[in-house]
Amino acid sequence: MRLILLGPPGAGKGTQASGIVEKFHVPHISTGDIFRKNIKEGTELGNKAKEYMDQGLLVPDELVVAIVEDRLQQDDCKNGFLLDGFPRTVKQAEELDKVLVKMNVSLNKVINVDVDKSVLVERAVGRRVCKTCGATFHVKFNPPKEDGVCDKCGKELHQRADDTEETVSKRIQVYLNETQPLINYYKDQEVLATINGQQEINKVFEDIVAALGEK
Ligand code: AP5
Ligand code: MG
Ligand code: ZN
């Protein structure tokens, strides 16, 4: 299964990705996670990406495309992959198409997680993430059993640096200008499935599975 998760910041892409990769046994490729890992490790890529991420801006296309192209060549992508947060511009989508042609494969579905802009800030600002295992929670919508502690691995939960109200608002604006056009791009390719992301997390997942033609 070769999939893309599309949607605004806070739509629930990462949350749904964890269920999808478990069910379909494909690697989860989140460009945001790749950048955060590089920032944590203090690599050159991390330092470059941080400048943009802290402002809620997109990292330049050339940088992102090279990373994804390289990642898709790895062995674990032979039977499929789940891209989360990539592509995010028409240029990135065009470059991805070229990579897929070279690999002689095509996309099964682009899942567009549709959420009203009015709930996105609250979702992002209340998000808590585990830097150890990657699990995501929400103080109100998906609280951990114990405040500030990861249910899965018991480590401390953190707030993402770009999850302030101001930066989230900027990210939403950038999404509307740069990323939303991809909805029509993939509609034209007849691979788009739009899912109502404003339901219970499990119901969103059920709808995604149904859209993929699975039970
Ligand atoms: P990235 O990490 O991809 O962030 P994003 O796209 O802004 O999306 P988020 O991770 O914020 O949201 P999500 O949809 O994953 O939501 P989640 O499941 O966590 O990118 C960060 C930055 O990196 C970018 O700004 C950019 O600078 C750079 N970057 C990354 N990719 C790039 C690219 N391709 N090109 C250029 N730059 C790039 O859920 C959010 C919260 O809501 C959680 O707390 C969750 O528990 C809760 N929640 C989830 N589902 C529900 C539900 N159904 N009901 C209620 N609450 C819910
Ligand atoms: Mg995410
Ligand atoms: Zn954890």
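Please treat every number below as a calculation from the coordinates, not as lab data. A quick note: this is a predicted structure, and the numbers were derived from the prediction, not measured. Positions of Cβ are generated from backbone atoms using ideal geometry, with glycine treated the same way; all protein chains shown enter the neighbour counts.
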- Note on the structure: Looks like the chain, by Cα gyration tensor root eigenvalues a ≥ b ≥ c and the a/c under 1.5 rounded cutoff (else prolate when a/b is bigger than b/c, oblate otherwise), is rounded
- Along Cα→Cβ, 7 Å out, is where each label goes; now give me the distance between the ones at Lys140 and Lys48 in nm to one decimal. 3.9 nm
- Task: Compute the length gained on full extension between Asp147 and Asp114: take 0.36 nm times their separation in residues and subtract their Cα-Cα distance, giving the result in nm to one decimal.
- Result: 9.0 nm
- Hey, in the chain, which Cys have no second cysteine's beta-carbon closer than 4.7 Å? Cys77
- Note on the structure: Taking 0.36 nm per residue of separation between Glu156 and Glu214 and subtracting their Cα-Cα distance, the length gained on full extension comes to 17.3 nm
- Subtracting the Cα-Cα distance from 0.36 nm times the residue separation, let me have the gained length for Leu63 to Glu122 in nm, one decimal. 18.2 nm
- Note to self, the chain gives a 222 nm [θ] from helices alone (DSSP H runs n ≥ 4, -39500 (n - 2.57) apiece, / all residues, nearest 500) of -13500 deg cm²/dmol
- Simple label model, 7 Å out from Cα along Cβ direction - Lys40 to Asn196, nm: 3.6 nm
- Task: Take every DSSP beta bridge whose two residues both sit in the chain, then give the antiparallel share in percent to the nearest 5.
- Result: 30 percent
- Message: At a 10 Å Cβ-Cβ cut-off, how would you order Glu122, Glu190, Glu214, fewest neighbours first?
- Response: Glu190, Glu214, Glu122
- Query: Out of Ile67, Ile20, Ile111, any idea which swings most in a Gaussian network model of the chain, alpha carbons joined below 10 Å?
  - Reply: Ile67
- Calculate the spin-label point distance for Gln55 paired with Val105, positioning each point 7 Å from the Cα along the beta-carbon direction, and give it in nanometres. 3.5 nm
- Query: Which whole-number percent gives the relative contact order of the chain, counting Cα pairs below 8 Å spaced six or more residues apart?
  - Reply: 30 percent
